[in-house]
Amino acid sequence: MSLFRKTRKKLHGILLDHPEDGAERCATCDASCCRGFPSVELTEQEYDKLQQLGAVRLEFTLNGHFYLLIENGCEFLAGNRCGIYEDRPSICRRFTCYDDSE
């Protein structure tokens, strides 16, 4: 009996070798990847682009790495969809997940 806990499906993430686009990948997604990580690493160009798009949760570390902080949800998430889908970082384009039960 599950009175206090909502059952969650267990997803497995994969970082692909090359970016993969296509609406079918994200059609039934609940944006778990956009909520489930503390940050994503960016290139300097991606950092600059996101800054131009109005990102406020950007971080540049002393060791020369660029990040977009996405803990508790990416600031570009609109419902369960990416608000900057065409301009999203490479790591977002390469990430995919699957449900073991399917």
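The values are calculated or read from the model by the stated rules, or taken from the named source; none is laboratory data. Bear in mind that the values here come from a model prediction, so they are computed numbers and not experimental data. Note that each Cβ is placed from the backbone with ideal geometry, even for glycine, and that neighbours are counted across all protein chains shown.
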Item checked: Test: Cys92 is more than 18 Å from Leu16 (Cβ to Cβ), out of contact with any Asp or Glu (no Cβ under 9 Å at 6 or more places or on another chain) and surrounded by 14 or more Cβ atoms within 10 Å (Cβ to Cβ) -> no
Check: Out of the range 21-50, which residues are modelled with pLDDT of 95 or more and loosely packed, with under 12 Cβ neighbours inside 10 Å?
Finding: Glu44, Gln45
